[in-house]
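Engineer: This is the structure I want to talk about, given as C-alpha cells.
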Amino acid sequence: MVENNVLKVEDLHVSYGPIRALRGVSIEVQEGEIVVLIGANGAGKTTLVESILGITHAQSGRVLFMGREITHAKTEHIVASGISLIPEGRGILPLMTVMENLQLGAHHVKGDANENLGLIYKCFPVLRDRTKQMAGTLSGGEQQMLSIARGLMSKPKLMMLDEPSLGLAPTIMRELFKTIVELNKTGYTILLSEQNARQALQCAHRGYVFETGEVVLSGAAQELANNKRVLQAYLGGVI
C-alpha cells in the first residue's frame with residue numbers, strides 16, 4: 001500500500017518540568033482521513049496537537065507535514081504551511097464581529113480572502129446572517145461553528161480540532177460531528193482530539209487511544225469501538 005501521509009509523528013517526547021506529557025508517541029494521518037485521538041482529560045491529546053503546531057516544544061522525536069520536517073519550526077510558519085488548529089475553548093475574539101473573526105483566519109492567505117466563504121456559509125448557514133454580530137453574543141454552539149469556520153478560512157491541508165464538543169448540548173454536538181463528516185467529504189483531512197469517544201469513533205476512519213502520555217491502542221475506528229478495553233474505559237460497556 002502506498003502511503004500518502006499528510007502528517008507523521010515519530011517517537012515524540014514532551015515534558016513539562018518533571019512531568020512526562022508525551023512518551024514516545026507515533027501517529028500518522030493520511031490524506032482524506034478523519035483520525036481521532038481518544039483518552040481521558042490529561043492523557044496527552046492536547047499536548048500532541050500543540051506540539052504538532054509548535055506551541056509546545058518537543059524534547060525529541062520528529063513531526064513531518066507533507067513530507068517535510070516541522071518539529072522545530074515556528075508556529076506561524078506551520079500555520080502558513082497549511083495546518084489549522086481549532087483549539088479547546090474555541091478561542092474566538094468576543095469583542096469582534098463574526099466577519100472580523102473570519103477574516104483573521106485568512107490573514108496569511110494570498111489572493112481573495114473571501115474565496116472560502118461559500119463553503120463556510122454552506123456548512124454554517126447561521127453565520128451568514130450573523131456577520132455583523134459581536135462574536136461574544138453567539139450561543140456556545142454558534143461560537144464553536146465560528147471557531148471551525150475561522151480555521152477553514154485558511155484553506156488548510158490539515159484541520160486539527162481539540163475537544164470540539166466540550167460544553168455543547170447533545171443535539172448541537174451531534175450536528176457538529178455531522179459537519180465534521182461533511183467537511184471530510186469535501187476533501188478536508190482532519191485530526192480530531194475528543195473525550196467523547198462514542199461520537200468520535202462513529203465519524204472517524206482510524207483512531208489512537210491515549211493513556212498517561214502514551215498510545216496504548218490504535219486501529220480502525222470500528223475495531224476500537226468494539227475493543228473490550230475501549231468499551232469499558234470510554235463507552236460505558238456498550239456502543
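One line per residue, one yes/no per condition, for (1) surrounded by fewer than 23 Cβ atoms within 10 Å (Cβ to Cβ); (2) in contact with a Phe, Trp or Tyr (Cβ under 8 Å, 6 or more places away or on another chain); (3) modelled with pLDDT of 95 or more; (4) outside any strand (DSSP E or B):
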{"site": "M1", "(1), (2), (3), (4)": "yes, no, no, yes"}
{"site": "D11", "(1), (2), (3), (4)": "yes, no, yes, no"}
{"site": "N41", "(1), (2), (3), (4)": "yes, no, no, yes"}
{"site": "V49", "(1), (2), (3), (4)": "no, no, yes, yes"}
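Engineer: So I55 ticks every box in (1) without any contact (Cβ under 8 Å) to a residue 60 or more places away in the chain; (2) surrounded by 15 or more Cβ atoms within 10 Å (Cβ to Cβ); (3) in a loop (DSSP other than H, G, I, E, B); (4) under 18 Å from the mean Cα position of the chain (by Cα) but one. Which box is left unticked?
Structural biologist: (2)
Engineer: I'd like to check something: does region 29-37 contain any residue that is in contact with a strand residue (DSSP E or B) (Cβ under 9 Å, 6 or more places away or on another chain), part of a loop (DSSP other than H, G, I, E, B), at positive phi and without any contact (Cβ under 8 Å) to a residue 60 or more places away in the chain? Explain how you work it out, then say what you get.
Structural biologist: Of region 29-37, the ones in contact with a strand residue (DSSP E or B) (Cβ under 9 Å, 6 or more places away or on another chain) are 29-37.
Restricting the remaining residues to those that are part of a loop (DSSP other than H, G, I, E, B) gives 31-33.
Those still in the list that are at positive phi too: 32.
Right, trim to without any contact (Cβ under 8 Å) to a residue 60 or more places away in the chain and you get none.
Among the residues of region 29-37, not one is in contact with a strand residue (DSSP E or B) (Cβ under 9 Å, 6 or more places away or on another chain), part of a loop (DSSP other than H, G, I, E, B), at positive phi and without any contact (Cβ under 8 Å) to a residue 60 or more places away in the chain, which makes the answer no.
Engineer: So, in region 151-210, of the ones that are among the β-branched types (V, I, T) and touching a residue at least 60 places away in the same chain (Cβ under 8 Å), which residue ends up surrounded by the most Cβ atoms within 10 Å (Cβ to Cβ)? So that I can check it myself, show each step before the final result.
Structural biologist: Filtering region 151-210 for residues among the β-branched types (V, I, T) gives 171-172, 179-181, 186, 189-190, 209.
The next check asks that each one be touching a residue at least 60 places away in the same chain (Cβ under 8 Å); those that pass are 180-181, 186, 189-190, 209.
Values: I180: 26, V181: 13, T186: 10, T189: 22, I190: 24, V209: 22.
The selected residue is I180.
Engineer: Further question on the same structure: Pairs under 6 Å by beta carbon, first residue in contact (Cβ under 8 Å) with a residue 40 or more places away in the chain in region 82-111, partner among the acidic types (D, E) and in a strand (DSSP E or B), six or more apart or different chains?
Structural biologist: These pairs meet every condition: P87/D162; E88/D162.
The values are calculated or read from the model by the stated rules, or taken from the named source; none is laboratory data. Note that the structure is predicted; figures quoted are calculated from it, not measured. Note that we place each Cβ from the backbone using ideal geometry, even for glycine, and neighbour counts take in every protein chain shown.
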